[in-house]
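Working notes, structure below.
The values are calculated or read from the model by the stated rules, or taken from the named source; none is laboratory data. Since this is a predicted model, take the numbers as computed values, not measurements. Cβ placement follows ideal geometry from the backbone for every residue including glycine, while neighbour counts extend to all protein chains displayed.
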Amino acid sequence: MTSVSSALDGSAADQLPVAEELVQAALRAAEKRGKDVADVPVLAIAREAGISRSTLLRRLSGTRAALDEAVRAAGVDPGGQVPVRARALNAAAALISESGLAAVTLEAIATRADCAVHSLYMAFGSRDELLRIVFERHSPIPDFEDILDTATDDLTATVRRLYQALAETLSREPRVAPAILAEVFARPASPTVRTLSQHAAPRMLNLLGAWLDTQVQRGRIRDLPMPLLIAQLMGPMVMHMLHRPALATLAVVELPDLDTTCTELAANFVQALGTD
């Protein structure tokens with residue numbers, strides 16, 4: 001029988017293996033009642049497991065703390081704290097911002113999220129999948145999709161909106177997007193960068209490429225190779241946002257506010273690439 005190791009509360013010194021069938025019974029009972037496992041009575045869990053309440057407690061050494069911990073180890077919060085999945089995503093984002101991608105091991109995430117590595121595998125399946133979700137949360141791509149879906153014929157206004165979304169993404173805390181870009185520049189061939197690129201790069205290129213190609217076909221911007229058009233569109237704003245925190249520390253430099261920056265760079269793009 002498969003079992004999950006789980007710690008008892010302070011009254012027991014030894015660890016008790018909790019049968020997986022009891023964990024699953026607790027999860028089923030909680031789902032049926034629409035409650036957290038911690039809020040489901042022991043009797044209801046026992047009935048779901050097809051045993052008596054006394055038998056369940058005997059198999060748990062007289063306390064349900066072991067069952068709650070086993071449920072938590074399986075990647076489901078029994079109640080009383082943020083679920084493992086949410087804690088892990090927040091922990092990974094903070095680690096990326098503070099120390100870069102290389103420091104984000106499953107062990108480091110588990111320590112920061114106060115959970116077991118096993119729980120991370122249960123919740124995400126792999127480190128790559130966890131990082132993919134973190135990147136999706138802190139990527140400008142969803143905002144770009146919304147902007148381009150509702151874009152008008154005002155080319156300058158659309159570019160300005162793209163820049164505003166990019167500025168927001170690159171300046172918000174935790175600073176996940178700048179850390180990932182730094183990793184791309186420093187170690188473009190690293191396994192983690194390659195994995196993230198497989199998910200994000202085609203989506204970004206297709207999204208921006210389709211919009212830029214439409215502008216070319218309409219005769220609104222110059223017909224250049226697509227990589228050059230995307231570089232002209234994204235490059236100035238990305239470089240400004242990556243330099244901006246360091247420039248802000250220099251007393252001799254007066255930075256324009258972000259709205260002004262987005263407006264001026266959007267005008268520059270249209271002036272450089274526009275056909276009018």
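Going through (1) within 28 Å of Ser126 (Cα to Cα); (2) part of a loop (DSSP other than H, G, I, E, B) one by one, Thr63 falls short only on (1). Quick check: is even one residue across segment 260-271 within 17 Å of Ser139 (Cβ to Cβ), touching a residue at least 40 places away in the same chain (Cβ under 8 Å) and surrounded by fewer than 17 Cβ atoms within 10 Å (Cβ to Cβ)? No, that holds for no residue. What is the residue count in segment 30-41 for residues that are more than 18 Å from Glu20 (Cβ to Cβ) and surrounded by 12 or more Cβ atoms within 10 Å (Cβ to Cβ)? Residues in segment 30-41 being more than 18 Å from Glu20 (Cβ to Cβ) and surrounded by 12 or more Cβ atoms within 10 Å (Cβ to Cβ): 6 in total.
Working only within segment 224-255, note down all residues that are outside any helix (DSSP H, G or I) and modelled with pLDDT of 95 or more.
Leu224, Pro225
Scanning segment 194-223 for residues that are farther than 21 Å from Arg161 by Cα and modelled with pLDDT under 95 yields Arg194, Thr195, Leu196, Ser197, Gln198, His199, Pro202.
Sub-9 Å Cβ pairs linking a first residue in segment 169-193 that is among the charged types (D, E, K, R) to a second residue that is assigned to a loop (DSSP other than H, G, I, E, B), at least 6 apart or interchain, are Arg172/His138; Arg175/His138; Glu183/Gly100; Glu183/Ser190, ordered by first then second residue. Of the helices (runs of 4 or more DSSP H) entirely within segment 75-170, those holding at least 1 residues that are within 30 Å of Val216 (Cα to Cα) occupy 127-137, 141-149. Of the residues in segment 224-259, how many are acidic (Asp, Glu) and either surrounded by 14 or more Cβ atoms within 10 Å (Cβ to Cβ) or closer than 17 Å to Leu170 by Cα (or both)? Count: 2.
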